[in-house]
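Structure first, then comments.
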Amino acid sequence: LILAVAAGRAQVQQDPSAETTEGTGISINCSHPNIQSYDYIHWYRQLSGRGPAFMAFSHKGSKELQEPPGRLSVAADRRSSALWLSRPRRGDAAVYYCAVGD
């Protein structure tokens, strides 16, 4: 199971790829050091052959995800965030994007 990762804007930085096996949790990290106080962190994913689909957004703290199961966590200083997929399946193989904006 290979999860490709891409930067949604110049303001964010992500590792180019992340890989795991089916059922083994994985963290996809995003750095946004220049985030403003009013900005939210948005996460999307793009499955093969489809357009980007919204997953979740947050301003601070952590938020549980139902589908796919996992959690979106924002660091206390808001300069980074992480998308944790707790039980990824083959169908979760996608390009994952983070973006910062209002």
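The values are calculated or read from the model by the stated rules, or taken from the named source; none is laboratory data. Small disclaimer: the values here were computed from a predicted structure and weren't measured. Please note: Cβ atoms are built from the backbone with ideal geometry, for glycine as well, and neighbour counts cover all protein chains shown. For the accessible areas, the whole protein counts, side chains as well, though only heavy atoms, and no ligand, DNA or RNA atoms are used. Shrake-Rupley method; radii C 1.70, N 1.55, O 1.52, S 1.80 Å.
Restricting to DSSP loop positions (anything but H, G, I, E, B) with no more than 13 other Cβ atoms inside 10 Å of their own Cβ, which trypsin sites (Lys or Arg not before Pro) remain in region 63-102?
Qualifying residues, ordered by number: Arg79, Arg89.
What number, in percent, do you get for the relative contact order of the chain if the mean sequence gap of Cα pairs under 8 Å and at least 6 apart is divided by its residue count?
38
What number results when the radius of gyration of the chain, computed over Cα atoms, is divided by 2.2 N^0.38 Å?
For the chain, the normalised Cα radius of gyration is 0.99.
Tell me the per residue accessible area of region 20-101 using a 1.4 Å probe; a whole number in Å² is fine.
On a per-residue basis, region 20-101 sits at 54 Å².
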